[in-house]
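One structure is given below, encoded as structure tokens.
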Amino acid sequence: MAFTAGSGASTTITFGTSAWTGSVRRIGGTTMSREALDTTKINQSLASGDNSVVRTFAPGGAYDPGQFEVECIFDGSADLADVAGVSETITITFPTVFDTDTTLSGTGFILEAGTPEASLDDVMAFSFTVKWDGATAPTWS
């Protein structure tokens, strides 16, 4: 296999319902997050000679599955991403150094969609943001 670990060459993204396709240049990473609940007690005892209180935290119950950005070359052959579309299954397939690809798949929708930017020193490109909707959280396989 010609790819090395860390190479993004031949990574693909597919949309199950809209079947959107385009000349993808970059797929950003997803950061999942959840709240940290402050459980610090105001009546805790201080150690002798110590005037500081250490805050304590517990994990929040719900988490945000995150979002990611996709950047595409605008060549006129594909539609722009549809911000009015419905949630659909989205699958990102990453190549690996082994003969098995790794996928990240879940349901989501287009949260933001930009129009192409034009400049003298670069190809025309546009980007859009995909929000994982949490109905089917993104999972690795």
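Annotations
- Strands (runs of 3 or more DSSP E) enclosed by region 7-89 - at least 2 residues per element that are among the basic types (Lys, Arg): 23-27
- Check on Ser119, among the polar types (S, T, N, Q) and within 24 Å of Arg34 (Cα to Cα): no
For every residue, the table says whether it meets (1) basic (Lys, Arg); (2) touching a Cys at 6+ places or on another chain (Cβ under 6 Å); (3) at pLDDT 90 or above.
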| site | (1), (2), (3) |
| --- | --- |
| Ser23 | no, yes, no |
| Leu37 | no, no, yes |
| Val53 | no, no, no |
| Phe57 | no, no, yes |
| Gly66 | no, no, yes |
| Cys72 | no, no, yes |
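- The set of residues in region 97-139 that are assigned to a loop (DSSP other than H, G, I, E, B), among the hydroxyl-bearing types (Ser, Thr, Tyr) and surrounded by 13 or more Cβ atoms within 10 Å (Cβ to Cβ) contains only Thr136.
- Of all residues in region 124-140, those that are at positive phi have Cβ atoms under 8 Å from Cβ atoms of residues that are of a type outside the set (Gly, Ala, Ser) and surrounded by fewer than 17 Cβ atoms within 10 Å (Cβ to Cβ), 6 or more apart or on another chain, in Gly134/Asp64.
- No other residue among Thr100, Thr129, Thr96, Thr89 is modelled with pLDDT of 90 or more and out of contact with any Leu (no Cβ under 7 Å at 6 or more places or on another chain) apart from Thr89.
- Of the residues making up region 29-41, none is touching a Ser or Thr at 6+ places or on another chain (Cβ under 6 Å) and either touching a residue at least 40 places away in the same chain (Cβ under 8 Å) or surrounded by 12 or more Cβ atoms within 10 Å (Cβ to Cβ) (or both).
The values are calculated or read from the model by the stated rules, or taken from the named source; none is laboratory data. Just so we're clear, the structure is a prediction, and the values are computed from it rather than from any experiment. All Cβ positions, glycine included, derive from the backbone under ideal geometry; neighbour counts span all protein chains shown.
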